[in-house]
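Q: Structure provided below as structure tokens; questions to follow.
The values are calculated or read from the model by the stated rules, or taken from the named source; none is laboratory data. If you're wondering where the values come from, they're calculated on a predicted model, not measured in any experiment. Note: ideal-geometry Cβ built from the backbone for every residue, glycine included; neighbour counts use all protein chains shown. Remember, those area values only see protein heavy atoms, side chains included, never the ligands or the DNA or RNA. Shrake-Rupley method; radii C 1.70, N 1.55, O 1.52, S 1.80 Å.
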Amino acid sequence: MSDKPRHFATRTIHAGEQFEVADNAIFPAIVTASSFIKRGLDDTPDYSYSRVGNPTRHAYETCVAALEEGVGAVACASGVNATATVLELLPKDAHVVVMNGVYGGTFRILEDYRSRTSGLTTTYVDLNDLDAVAAAIKPETRLIWIESPTNPLLHLVDIKAVCDLARTRGILTCIDNTFCSPWNQRPITLGVDLVMHSASKYIGGHSDLTGGVVVAASEDLHRQLRRISMAIGAVQGPFDCYLALRGLKTLDVRMERQCANALEVARRLEGHPQVEQVYYPGLPSHPQHELCKRQMRSGGAVVAIKVKGDRAALNRLVEALQIFVLADSLGGVESMINHSWTMSHCSMSPEQKGAMGISENLLRLSVGIEAVADLIDDLETALGALAGQ
Ligand SMILES: *Cc1c(COP(=O)(O)O)cnc(C)c1O
């Protein structure tokens, strides 16, 4: 693509090095070769061994890096694998300041593994409280781990404010941008050093792949990440890179529809007699709605609700749904519903869940691309079943 700046929708199709492949194919080939042939001792081809570099992976990495406005990306086997790759940047005994209510898999790597294997220490704070962030910073603090919006209650972090503070202290910043995808939020433009995604969600978008990716804002960080990925072999296979790149092609149209559907769903559920509360950053009732308008393109495609009913009533609701499927994931074209208490956050104690604001009547909706009228009808029918109607 020429250097002329293009809109996001155009870049999803053309950004990166998607066409620099053999045979002028309009889409990169799935190169399954583990090894590449040298034509002589002095031959230095672009690729030597697929753990180090692979053409299909490269095409996907250049596209996602361009969409995030970074300089390069490293595709990993899963989202948590991308997180583990980022943590390899840190020296042993480093300290990390982490957003409250961070993704459970991130918490697990930090607390169950890196604390034991790397001497890593952590402090969890609400990153919107900059005084608390400043107080948490120690001489050995090397990283601030941001997640915005958080799961499942969709708290936002003022990304630019945190990055400004981190930069004055010489501390690296990384954000888990999974819930937004590069369509909805581009943290590098707000000062973030590293952007991490679970590609299993919006990037793939079709609930048919497991993957992760890290995008670097600087050449130096990209070089370091590539070296780590090569050293620990945390790479995404070519078939899944193909699926992820194919997913990116429709990211713009998927997100546009999903976010518009989510806003409509959130509006309709707010004030519904069976709904106690709606959590959606795109609604003026969200306490961080102004921040949402400043740093996100829309309120996103995830809506959380607290409903009026006990466990039995909740079961009636879930069983009455005909379009929304009860599932652990999010970000696919199909609408999904998740019961945080018994599903995503089941490993936490009731007290821990309570402290996070997660109650038994909380449901997280991942809104898909179906016709919004059908989605609303499905939810309203199920809410009727909840009420015993
Ligand atoms: C799913 C998810 C991850 C982990 O990704 P996997 O691909 O499942 O390893 C990390 N962060 C967030 C916010 C997620 O939703």
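Q: For segment 315-343: of the residues being more than 18 Å from residue 386 (Cα to Cα) and buried (at least 20 other Cβ atoms within 10 Å of the Cβ), which is farthest from the ligand (Cβ to nearest atom)?
A: By that ranking, first place goes to 335.
Q: Here's something else I'd like to know. Return the residue satisfying two criteria in turn: it lies in segment 343-368 and is of a type outside the set (Lys, Arg) and under 18 Å from the mean Cα position of the chain (by Cα), and of such residues it is nearest to residue 333 (Cα to Cα).
A: Among those that are of a type outside the set (Lys, Arg) and under 18 Å from the mean Cα position of the chain (by Cα), it is 368.
Q: Here's another thing I want to ask about it. Among 80, 86, which is of a type outside the set (Asp, Glu), open to solvent by 10 Å² or more (accessible area, probe 1.4 Å) and part of a helix (DSSP H, G or I)? Break it down into steps so the answer makes sense when it comes.
A: On the way: 86 fails: open to solvent by 10 Å² or more (accessible area, probe 1.4 Å).
None of the other options fit; the residue is 80.
Q: Shifting gears a bit: Does residue 233 meet the test of being within 15 Å of the ligand (Cβ to nearest atom) and in contact (Cβ under 8 Å) with a residue 24 or more places away in the chain?
A: It is false that residue 233 is within 15 Å of the ligand (Cβ to nearest atom) and in contact (Cβ under 8 Å) with a residue 24 or more places away in the chain.
Q: Across segment 91-123, what is the total count of residues that are away from the ligand (no atom under 14 Å from the Cβ) and crowded, with 18+ Cβ neighbours inside 10 Å?
A: Result for segment 91-123: 7.
Q: Can we say residue 33 is touching a residue at least 60 places away in the same chain (Cβ under 8 Å) and either open to solvent by 30 Å² or more (accessible area, probe 1.4 Å) or of a type in the set (A, V, I, L, M) (or both)?
A: no
Q: Can you tell me which condition residue 193 does not meet? The list is (1) in contact with a strand residue (DSSP E or B) (Cβ under 6 Å, 6 or more places away or on another chain); (2) in contact (Cβ under 8 Å) with a residue 40 or more places away in the chain; (3) not hydrophobic (A, V, I, L, M, F, W, C), and all the others hold.
A: Against the list (1) in contact with a strand residue (DSSP E or B) (Cβ under 6 Å, 6 or more places away or on another chain); (2) in contact (Cβ under 8 Å) with a residue 40 or more places away in the chain; (3) not hydrophobic (A, V, I, L, M, F, W, C), residue 193 comes up short only on (2).
Q: Give the residue, chosen from 371, 355, 312, that is open to solvent by 20 Å² or more (accessible area, probe 1.4 Å), within 26 Å of residue 247 (Cβ to Cβ) and small (Gly, Ala, Ser).
A: On the way: 355 fails: within 26 Å of residue 247 (Cβ to Cβ); 312 fails: within 26 Å of residue 247 (Cβ to Cβ).
When all the criteria are applied, what remains is 371.
Q: To continue, here is another question. Within segment 132-143, identify whether any single residue is within 16 Å of the ligand (Cβ to nearest atom), modelled with pLDDT of 95 or more, surrounded by 14 or more Cβ atoms within 10 Å (Cβ to Cβ) and polar (S, T, N, Q), and answer yes or no.
A: No: zero hits.
Q: Here's something else I'd like to know. Run down 61, 69 and say which single residue is modelled with pLDDT of 95 or more and assigned to a loop (DSSP other than H, G, I, E, B).
A: Just one listed residue meets the conditions, 69.
Q: Kindly list, by first and then second residue, each pair from a residue in segment 170-190 that is more than 14 Å from the ligand (Cβ to nearest atom) and aromatic (Phe, Trp, Tyr) to a residue that is open to solvent by less than 20 Å² (accessible area, probe 1.4 Å) and at pLDDT 95 or above, limited to pairs with Cβ atoms under 9 Å and residues at least 6 apart or on different chains.
A: As it stands, the answer is 183/67; 183/202; 183/251; 183/252; 183/254; 183/255; 183/259, since those pairs meet every condition given.
Q: For the structure I just gave you, tell me whether residue 268 is touching a residue at least 12 places away in the same chain (Cβ under 8 Å), away from the ligand (no atom under 16 Å from the Cβ), outside any strand (DSSP E or B) and buried (at least 22 other Cβ atoms within 10 Å of the Cβ).
A: no
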